[in-house]
Amino acid sequence: MMTDLEIFKKLSELKQQDISVCLATIIETTGSTPRAAGAKMIICVDGTTYGSVGGGCGENQVRSAALRSTLVTHKPEIIEIDLTDDLGTKGGDVCGGRLRVFIEPL
Amino acid sequence: MKEKIFFGGLMGMHARIVELLEKEESFCLATILGSNRPDIRPGQKAIVHHNGSIEGSLGSSQLDASLGRLGQKALKENKSTVVEMDSGLSVFLNVLSADAQLIICGAGHIAIPLSQFSQQLGFQVTVIDDRSDFANPSRFPDCEIIAEDFAVALRKYPFSPATYVVVITRGHEHDVDCLIEILKRKTVYVGLIGSRRRVRIVLDMLVEKGLSQSRLKDVFTPIGLPIGAESPEEIALSIVSELICVRRKGPAQARALRKAVGIE
């Protein structure tokens with residue numbers, strides 16, 4: 001697990017190396033989700049990530065939104081992730097909740 | 001103007017957040033999510049302190065005052081949340097907390113799994129013991145190690161804004177020495193291991209030395225959540241479970257779990 005301090009230290013370090021990064025932060029959750037509001041993940045332009053917004057559950061969506069915001073739009077955005085797939089869904093996100101994630105290119 | 005410099009670069013902002021996380025127990029990082037004002041843009045940030053003061057003005061004393069109040073409320077409830085404000089502002093209030101520091105007094109067999117588990121869970125771990133063959137890097141890789149008399153080491157050790165202390169020394173006299181020093185300081189959590197008899201002896205000795213009953217009530221003893229732990233690893237797990245409970249839910253919840261099985 002990365003603490004808030006470790007996340008912000010890592011952000012400073014990456015920016016000092018002039019690496020384009022994006023910060024994803026869970027801002028709201030409803031129902032069952034793996035992580036609560038405030039959980040953060042750093043996504044680097046090469047796809048490397050630090051921290052977590054909930055493991056497999058929805059992290060791929062966060063990753064692609066992060067790359068879009070860093071490389072294409074250069075603007076922050078909010079994405080909604082639905083983890084309410086039916087139990088039978090193959091590889092489904094079945095935690096049962098929904099989350100909103102703020103994505104900001106830094 | 002300080003604010004302008006502050007907003008001048010996110011690098012400055014990150015450095016400031018790191019600096020605050022190293023000295024404050026908690027503060028609130030406000031991030032603008034949406035705005036109807038052209039001068040306030042999504043992604044813009046401000047910091048709100050416990051006293052309601054703000055770093056990084058929104059450019060309006062009315063908005064600042066209202067952000068200060070909302071930030072204080074989030075800090076008080078220790079809950080990160082989204083709020084709506086005037087001018088169509090939508091703001092994420094993120095309560096940021098200092099890293100939890102764990103001081104383990106006593107480098108015996110429980111200290112090894114305890115240091116490993118707690119490090120994985122995000123604690124910065126320091127191990128103190130007066131025996132240098134126990135307080136030794138070979139036993140505690142990646143921990144800060146102090147091989148010195150317990151009282152001397154604790155007296156000069158800088159406690160962080162969020163310090164947890166676990167007392168698991170090899171003898172009740174050492175427990176007493178440690179607790180005298182620890183209870184003078186501000187801590188989030190203090191736990192003491194021992195059988196009921198040993199714990200009673202230690203607490204009685206501390207009362208004799210003039211410590212107040214009310215301060216001694218803050219000590220979690222016997223230590224750990226009641227999961228029936230027996231082996232050193234299991235006991236370490238029960239202790240870290242209690243640390244997590246205090247960190248995430250507060251000491252009242254950890255007390256309630258103990259009370260549920262008759263530990264007062």
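Give me the residue from segment A:18-68 that is under 19 Å from B:Phe92 (Cα atoms) and touching a Cys at 6+ places or on another chain (Cβ under 7 Å) and, out of that set, surrounded by the fewest Cβ atoms within 10 Å (Cβ to Cβ).
A:Thr33
Quick one: would you say B:Arg41 is part of a loop (DSSP other than H, G, I, E, B) and more than 30 Å from B:Ser138 (Cα to Cα)?
yes
Looking only at residues in segment B:89-127 that are assigned to a helix (DSSP H, G or I) and under 17 Å from the mean Cα position of the chain (by Cα), which one is nearest to the other protein chains (Cβ to nearest Cβ)?
B:Gln120
Considering B:Leu257, B:Leu225, B:Leu243, which residue is of a type in the set (A, V, I, L, M, F, W, C), in contact with a Phe, Trp or Tyr (Cβ under 7 Å, 6 or more places away or on another chain), under 30 Å from B:Lys79 (Cβ atoms) and surrounded by 14 or more Cβ atoms within 10 Å (Cβ to Cβ)? Lay out the reasoning, then the answer.
Values: B:Leu257 fails: in contact with a Phe, Trp or Tyr (Cβ under 7 Å, 6 or more places away or on another chain); B:Leu225 fails: in contact with a Phe, Trp or Tyr (Cβ under 7 Å, 6 or more places away or on another chain).
Exactly one residue qualifies, and that residue is B:Leu243.
Filter segment B:150-174 for residues that are free of Cβ contacts under 8 Å to residues at least 24 places away in the same chain and either outside the structural domain of B:Gly191 (by TED's automatic domain parsing) or of a type outside the set (D, E, K, R) (or both); which is farthest from B:Thr126 (Cα to Cα)?
So, considering only residues that are free of Cβ contacts under 8 Å to residues at least 24 places away in the same chain and either outside the structural domain of B:Gly191 (by TED's automatic domain parsing) or of a type outside the set (D, E, K, R) (or both), the one farthest from B:Thr126 (Cα to Cα) is B:Gly171.
Scan segment A:31-42 for residues that are farther than 15 Å from A:Ile78 by Cα and more than 12 Å from chain B (Cβ to nearest Cβ) and jot them down.
Result: A:Gly31, A:Ser32, A:Thr33, A:Pro34.
The conditions are (1) more than 23 Å from B:Ala162 (Cβ to Cβ); (2) modelled with pLDDT of 95 or more; (3) surrounded by fewer than 20 Cβ atoms within 10 Å (Cβ to Cβ), and B:Ile32 fails exactly one of them. Which is it?
Among (1) more than 23 Å from B:Ala162 (Cβ to Cβ); (2) modelled with pLDDT of 95 or more; (3) surrounded by fewer than 20 Cβ atoms within 10 Å (Cβ to Cβ), the lone unmet condition for B:Ile32 is (3).
State all residues of segment A:1-17 that are more than 11 Å from chain B (Cβ to nearest Cβ) and either among the charged types (D, E, K, R) or touching a residue at least 40 places away in the same chain (Cβ under 8 Å) (or both); if no residue qualifies, say none.
None - no residue of segment A:1-17 is more than 11 Å from chain B (Cβ to nearest Cβ) and either among the charged types (D, E, K, R) or touching a residue at least 40 places away in the same chain (Cβ under 8 Å) (or both), so the list stays empty.
Among (1) surrounded by fewer than 19 Cβ atoms within 10 Å (Cβ to Cβ); (2) in a loop (DSSP other than H, G, I, E, B); (3) under 19 Å from the mean Cα position of the chain (by Cα), there is one condition B:Asn136 misses while meeting the rest; what is its number?
(3)
Look at B:Val82 and say whether it is part of a strand (DSSP E or B) and outside the structural domain of B:Val165 (by TED's automatic domain parsing).
Considered against the rule, which asks whether it is part of a strand (DSSP E or B) and outside the structural domain of B:Val165 (by TED's automatic domain parsing), B:Val82 comes out as yes.
Only residues that are among the β-branched types (Val, Ile, Thr) and either farther than 17 Å from B:Ile182 by Cα or at pLDDT 95 or above (or both): list them for segment B:208-222, please. Step through it out loud before you land on a result.
Kept after step one, since they are among the β-branched types (Val, Ile, Thr), are these residues of segment B:208-222: B:219, B:221.
Scanning segment B:208-222 gives a single hit, B:Val219.
Within segment B:43-51, identify whether any single residue is within 14 Å of chain A (Cβ to nearest Cβ), without any contact (Cβ under 8 Å) to a residue 24 or more places away in the chain and closer than 24 Å to A:Asp4 by Cβ, and answer yes or no.
Step one: of segment B:43-51, the residues within 14 Å of chain A (Cβ to nearest Cβ) are B:43-45, B:47.
Pick out the ones that are also without any contact (Cβ under 8 Å) to a residue 24 or more places away in the chain and you get B:43.
Narrowing the set further to residues that are closer than 24 Å to A:Asp4 by Cβ leaves B:43.
Checked against the condition, which is being within 14 Å of chain A (Cβ to nearest Cβ), without any contact (Cβ under 8 Å) to a residue 24 or more places away in the chain and closer than 24 Å to A:Asp4 by Cβ, segment B:43-51 yields at least one hit.
Can you pull out the residues in segment B:139-156 that are under 24 Å from B:Val246 (Cβ atoms) and surrounded by 19 or more Cβ atoms within 10 Å (Cβ to Cβ)?
B:Phe140, B:Cys143, B:Ile146, B:Phe150, B:Ala153, B:Leu154
Could you tell me how many of the residues in segment B:57-88 are away from chain A (no Cβ under 14 Å), more than 26 Å from the chain's Cα centre (by Cα) and surrounded by fewer than 21 Cβ atoms within 10 Å (Cβ to Cβ)?
Here the count works out to 13.
In the list B:Ala236, B:Ala229, which residue meets the criterion of being of a type in the set (A, V, I, L, M) and farther than 20 Å from B:Tyr164 by Cα?
Selected residue: B:Ala229, the only one of B:Ala236, B:Ala229 that is of a type in the set (A, V, I, L, M) and farther than 20 Å from B:Tyr164 by Cα.
Just checking, which of A:Glu28, A:Glu59 is away from chain B (no Cβ under 12 Å) and under 26 Å from A:Cys95 (Cα atoms)?
Criteria check complete, one pass: A:Glu59.
Please give the number of the condition B:Gly250 fails out of (1) modelled with pLDDT under 90; (2) surrounded by 18 or more Cβ atoms within 10 Å (Cβ to Cβ).
(2)
The values are calculated or read from the model by the stated rules, or taken from the named source; none is laboratory data. These numbers come from a predicted model, not from an experiment. Note that we place each Cβ from the backbone using ideal geometry, even for glycine, and neighbour counts take in every protein chain shown.
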